[in-house]
Amino acid sequence: MPDIRSAHVAEPEARLEEGCGLALAIGIVVVDSFIIPIRSVKAATLFGSGQIDRIKAACDMEDAELVIIDGALSAIQQRNLEEKIERKVIDRTGLILEIFGERAATAEGRLQVELAHLDYQAGRLVRSWTHLERQRGGYGFLGGPGETQIEADRRLIRDRMARLRRELEQVRRTRALHRARRGRAPWPVVALVGYTNAGKSTLFNRMTGADVMAEDLLFATLDPTMRGISLPGVEKAILSDTVGFISDLPTQLVAAFRATLEEVTGADVIVHVRDISSPMTEMQKSEVEQVLADLDINTGEEGALTIPVVEAWNKWDLVDTERQAELLEKSEVDGLPIVPISALTGFGVEALERQLSEILTASARVHSFRLSATDGQRIAWLHAHGEVLREQSTEDAEGAPQLEMDVRLDPREFGKYLSLTET
C-alpha cells in the first residue's frame, strides 16, 4: 500500500497507518506498506518508472493481489498502473466506497452509498469510455467498449442517480419532520461527532447502555443511532451517534451522506469526540471542524458557534502524564471547553454529563418551593426534572410536616411544573 502524500505533509507515517486501517476495515490483509514521495506527477501513471518498478517488485515478493494507492487516481492512471504492475489497483476513494458499501445497514445508508458509487463511476466512465471492460465495483449494468453501449450505460447511470436523489430527498424531508417534531418535544438533542475511530460509538454505548457496533475499525458506524439518556437536572435528552469523518473523504460521499449529517444541525449540543492519543489529533480536529463549517454550524455571526460544542478528549488513559499536563495547559490558553475521558473505562464520563447538563440548563433559574411532605408526586417531579440544590424538612403553622426545596429549572420545565400544580 503506497501512500502518495507529498514529502512536505506532516507525519506521513501516521497517514500511512490510517490507510492500512482502511484496508483492514474491509478485511484486506496488508502484506507491505510504504511511502512514495511525489516530486513530479506523471499524467499517465502518477508515479515515475522507477517507483512503479519498486511497487511491482514488492508485489512479486509478497505475492500481493491488490495495490491500494492512498490518494486519488484518474481512470487513465488506474488503467495504466494495472497494466504495468499486473495487479488490480484501487485508490483511496474506491476503498472508502467499498467500506461504506459493505457497512451500510439501513435502506437509507445503502441508498447513499449507491448514489456515491454511481457518481464515482460516472466520472470514470466519461474519462475512460474505451476501457469499460476494466471497470469494477459497479452495479451490474456497465458493459464493454463501444459508443452505443457507452451512451446506454451513461443514460442508465443518470436515470438511476436521478431516482436515488429523489428517494434521498424524501429521506431529508422525513428527517426534517422528525427534527421538527423533536423540537416541539421537551427533549434536547446531543450529537456525537468526530473523526472515524475516535470512540464515538464506545462513548454512546457507555452513556446509553446500548449495544451499537463499536470496534477498533475505521467507519464501524455508518447509520445514525439515537437513544434517550438522562443528565443531571435534565429528565431526558436524545443522544445521537453519527458517521465518522475522515480526511480526503470523497466528495461523492459528502454529498450523499448530507441527509445523515444534517441530523447534527438540529442538535442542542455537539460533543466532538477526539482521539487525543493519536499523533494526528490536531489534523483530525481540523477535518471535523471543516465538515461542521460546511454544515454552517460554526459560521454564525462574527464566527460564533451556532450550536455549543464540547470537546471530549477520549483515550485519555493512553496519554502519558507529561503529555496530559501539556494538553491541559494548552486548553486553558485556548479557552477550549474540554473534558478528558476514557469511553472504554468510563473515566470522565460523569464530568462530561455534568458539562452537558450545564450547557442545556444555562437558561435555568433557581426556584424555591414549599411543599407538604406528603406531596410525593410534586417532590418526585422536581427531583426528576430539575437540579435540587437544597432540601430541608420543616413544619407549617399548624405543625404539619413541610419540605422546603431550592430547585434549578429551565423555563420550559418551570412552565410544565406550573401546569402540574393547576391540575
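The values are calculated or read from the model by the stated rules, or taken from the named source; none is laboratory data. Bear in mind that the values here come from a model prediction, so they are computed numbers and not experimental data. Every residue, glycine as well, gets a Cβ built from its backbone with ideal geometry; the counts of neighbours run over all protein chains shown.
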Got at least one residue in the stretch 299-309 being crowded, with 19+ Cβ neighbours inside 10 Å, at pLDDT 85 or above and not assigned by TED's automatic domain parsing to the domain that holds L418?
yes
Please go through (1) surrounded by fewer than 17 Cβ atoms within 10 Å (Cβ to Cβ); (2) not in a loop (DSSP other than H, G, I, E, B) for S40 and return the number of the only condition it doesn't satisfy.
(2)
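With the requirement that a residue be part of a helix (DSSP H, G or I) and either at pLDDT 95 or above or surrounded by 14 or more Cβ atoms within 10 Å (Cβ to Cβ) (or both), what does the stretch 329-349 give you? Steps first, please.
Filtering the stretch 329-349 for residues part of a helix (DSSP H, G or I) gives 329-334, 349.
Scanning the stretch 329-349 gives S331, V349.
Can A325 be described as at pLDDT 80 or above, assigned by TED's automatic domain parsing to the domain that holds G199 and surrounded by fewer than 12 Cβ atoms within 10 Å (Cβ to Cβ)?
Yes; evaluated as a whole, the condition is true for this residue.
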Look through the stretch 359-370, keep the residues that are modelled with pLDDT under 90 and closer than 14 Å to V388 by Cα, and return whichever of them is farthest from the chain's Cα centre (by Cα).
H367
Tell me which residues, restricted to the stretch 43-61, are surrounded by 12 or more Cβ atoms within 10 Å (Cβ to Cβ), outside any loop (DSSP other than H, G, I, E, B) and more than 33 Å from the chain's Cα centre (by Cα).
Q51, I52, D53, R54, I55, K56, A58, C59, D60
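Select, from A104, A72, the only residue that is touching a Ser or Thr at 6+ places or on another chain (Cβ under 9 Å), more than 20 Å from D159 (Cβ to Cβ), in contact (Cβ under 8 Å) with a residue 60 or more places away in the chain and of a type in the set (G, A, S).
On the way: A104 fails: touching a Ser or Thr at 6+ places or on another chain (Cβ under 9 Å).
So the residue among A104, A72 that is touching a Ser or Thr at 6+ places or on another chain (Cβ under 9 Å), more than 20 Å from D159 (Cβ to Cβ), in contact (Cβ under 8 Å) with a residue 60 or more places away in the chain and of a type in the set (G, A, S) is A72.
So which residues in the stretch 350-398 are closer than 30 Å to I338 by Cα and assigned to a loop (DSSP other than H, G, I, E, B), if there are any at all?
Initial filter on the stretch 350-398 (closer than 30 Å to I338 by Cα): 350-367, 382-390.
Those that are closer than 30 Å to I338 by Cα and assigned to a loop (DSSP other than H, G, I, E, B): T361, A362, S363, A364, G386.
So, of the residues in the stretch 64-116 that are among the polar types (S, T, N, Q) and farther than 24 Å from I35 by Cβ, which turns out to be surrounded by the fewest Cβ atoms within 10 Å (Cβ to Cβ)?
The initial filter retains those residues of the stretch 64-116 that are among the polar types (S, T, N, Q), namely 74, 77-78, 80, 93, 106, 112.
Restricting the remaining residues to those that are farther than 24 Å from I35 by Cβ gives 106, 112.
On the way: T106: 13, Q112: 28.
Here the answer is T106.
Among the listed residues E358, E395, which satisfies the condition of being of a type in the set (D, E) and surrounded by fewer than 11 Cβ atoms within 10 Å (Cβ to Cβ)? Spell out the reasoning first.
Working: E358 fails: surrounded by fewer than 11 Cβ atoms within 10 Å (Cβ to Cβ).
Unique residue meeting the criteria: E395.
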Tell me the residue from G233, G228 that is under 30 Å from E387 (Cβ atoms) and modelled with pLDDT of 80 or more, please.
G228
